[in-house]
Amino acid sequence: MTQLLAYPNGRWLRLGLLLLLLAGGLATGPGSSARGQSADSLFEAARAEAFGAGDYERARALAYDALAQSPNYHGIRVFVARTLAWEGRRDSARTELTYVLERAPDHYEALKAIIDVESWSGRPYVALNHANAALGHYPDDAYFMEKRAGLLRWLNRPDAAVAQLNALLAADPSRESARATLRQLRYEQLKYTASLSYRQDTFRGGRTPWRFGVATLGRKTPIGSVIGRVRYANRFSSNGLQFEVDAYPSLANGLYAYVSVGASASSIFPGFRWGASLYKSLPRSFSVELGARYLNFGGSETVIYTGSLTRYHGNYLFRGTTYVTPSTSGTSLSGGVQVRRYFGGAKTYVSIKGSAGTSPSDPVFAEDVRRRSSWSVSVDGQVPLSSRTLVGGSVGYDEEELRTRTMKRVSVSASVTYEF
């Protein structure tokens, strides 16, 4: 061999050997290394790349090498589909899983994966169809039963979800996650809310305190909540009642309304009042409100326009509100801010509020629309006593400048709410 390389044309032989060595090196690359490995070993290497190194692209390359050897190794194809779904490539994941389920309709892992892919794609009806098919193959499987219950809950079919969870717990009483979901579902099925609240305003200067009470009964309906309310007031040594009905109809996805009508035979309250607002959800956890309030005090009419912007951020709510009241003497304006901190859920919170201006922020009485200026600050909160009973309270201070006097008062309130 050495002698051959020494001949004049030996340089061509040396070049040929170099090309052969390079070709041999390329053959040891990713594509051809599969030739010396089994599908199982390639699958193991792919899993190591995905779960160890987090390199899904390299993992799929190894998995496809394995599938080239064993096209019907369905576990590998399900693995490929999972990595695609994790990267948000759900159409591609769906294609791979369809390939498996067309050939093996009862493939357990493929059924689990397709339910997840359709759920993550926001297609609960399609996911439910797959969950039903899975239970056709595995009627007593706790995983598929719990998945189906979750999808029924998502689709606002609580009775069917409860029935599914009861069947699951009858077969597997130790399934604590299902038991917790069942408790939450039963709570969500409660349709009625009743509450009582009491407030007392104490004034500087010796004025007799004012006392207020509110009783409400609310009911959830398929289109939104409806609330009946009775207000009681004892002011200026007079008693009065006002009756109201509020509704919060859902108009479309992310759009709902507030509608309220009230009437009273007492001079303390407006003889007739109404309110209406539209609320629209916006991107980045914002929502906006635009509305109006109308009050009629014995022929004296007032219209107040309102708007608000709300943002949820983590456990906090931030809201800014404005009220505009046009009149013949000029337009009055006020604004308010609120910051609320939630603790472990929507029913436990503490808020701080502040407002300033001339328009009323919560128009209930005649002097609310006759003041020249005002400012207020308050703190309120709510905590659950049990799964159905809530208690709340607030304390606030405000000053109002009216035409003939300035009122300075401290307001304290307490409330209890029961859901059934």
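The values are calculated or read from the model by the stated rules, or taken from the named source; none is laboratory data. Please read these numbers as outputs of a predicted model, since none were measured by experiment. When we count neighbours, we look across all protein chains shown, and the Cβ atoms used for this are built from the backbone with ideal geometry, even at glycine. To get the accessible areas, we keep the full protein, side chains included, count just its heavy atoms, and leave off ligands, DNA and RNA. Shrake-Rupley method; radii C 1.70, N 1.55, O 1.52, S 1.80 Å.
For N129, indicate whether it is assigned to a loop (DSSP other than H, G, I, E, B), open to solvent by 80 Å² or more (accessible area, probe 1.4 Å) and farther than 21 Å from E176 by Cβ.
no
Quick one: would you say V117 is surrounded by 14 or more Cβ atoms within 10 Å (Cβ to Cβ) and under 30 Å from S38 (Cα atoms)? Can you show your working first?
Numbers: surrounded by 14 or more Cβ atoms within 10 Å (Cβ to Cβ): yes; under 30 Å from S38 (Cα atoms): yes.
Answer is yes for this residue.
Working only within segment 267-290, note down all residues that are closer than 12 Å to Y256 by Cβ and not hydrophobic (A, V, I, L, M, F, W, C).
S277, Y279, K280, S281, S287, E289, listed by residue number.
Provide a single number: the residues in segment 250-286 that are open to solvent by less than 30 Å² (accessible area, probe 1.4 Å), at pLDDT 90 or above and under 29 Å from Y316 (Cβ atoms).
5
Can you work out which of the residues in segment 137-158 that are among the hydrophobic types (A, V, I, L, M, F, W, C) and part of a helix (DSSP H, G or I) is modelled with the lowest pLDDT? First the steps, then the outcome.
Going through segment 137-158, the residues among the hydrophobic types (A, V, I, L, M, F, W, C) turn out to be 142, 144-145, 149, 151-152, 154-155.
Within this subset, residues satisfying the condition of being part of a helix (DSSP H, G or I) are 142, 144-145, 149, 151-152, 154.
Working: A142: 93, F144: 96, M145: 95, A149: 95, L151: 95, L152: 94, W154: 90.
Restricting to residues being among the hydrophobic types (A, V, I, L, M, F, W, C) and part of a helix (DSSP H, G or I), the top hit is W154.
Could you tell me whether any residue of segment 314-330 is assigned to a strand (DSSP E or B), among the small types (G, A, S) and either touching a Cys at 6+ places or on another chain (Cβ under 8 Å) or more than 21 Å from W375 (Cα to Cα) (or both)?
No, because not a single residue in segment 314-330 is assigned to a strand (DSSP E or B), among the small types (G, A, S) and either touching a Cys at 6+ places or on another chain (Cβ under 8 Å) or more than 21 Å from W375 (Cα to Cα) (or both).
Starting from segment 90-104, keep only residues that are closer than 10 Å to V117 by Cβ, then list their pairs with residues that are outside any helix (DSSP H, G or I) and open to solvent by 40 Å² or more (accessible area, probe 1.4 Å) whose Cβ atoms are within a distance under 7 Å, requiring at least 6 positions of separation or different chains.
Once the first residue is closer than 10 Å to V117 by Cβ and sits in segment 90-104, its partners that are outside any helix (DSSP H, G or I) and open to solvent by 40 Å² or more (accessible area, probe 1.4 Å) give R90/S121.
Take the residues in segment 235-248 that are open to solvent by 20 Å² or more (accessible area, probe 1.4 Å) and modelled with pLDDT of 95 or more, then tell me which one is nearest to the chain's Cα centre (by Cα).
Per the stated criteria, the residue is Y248.
Every residue in segment 273-283 that is in contact with a strand residue (DSSP E or B) (Cβ under 8 Å, 6 or more places away or on another chain) and more than 19 Å from P326 (Cα to Cα), please. Break it down stepwise before answering.
Quick first cut of segment 273-283, residues in contact with a strand residue (DSSP E or B) (Cβ under 8 Å, 6 or more places away or on another chain) only: 273-282.
Matches in segment 273-283: L278, Y279, K280, S281, L282.
Quick one: what pairs do we get from segment 267-287, first residue closer than 23 Å to R311 by Cβ, second at pLDDT below 90 and surrounded by fewer than 13 Cβ atoms within 10 Å (Cβ to Cβ), C-beta under 7 Å, 6+ apart or different chains?
These pairs meet every condition: K280/G254; S281/G254.
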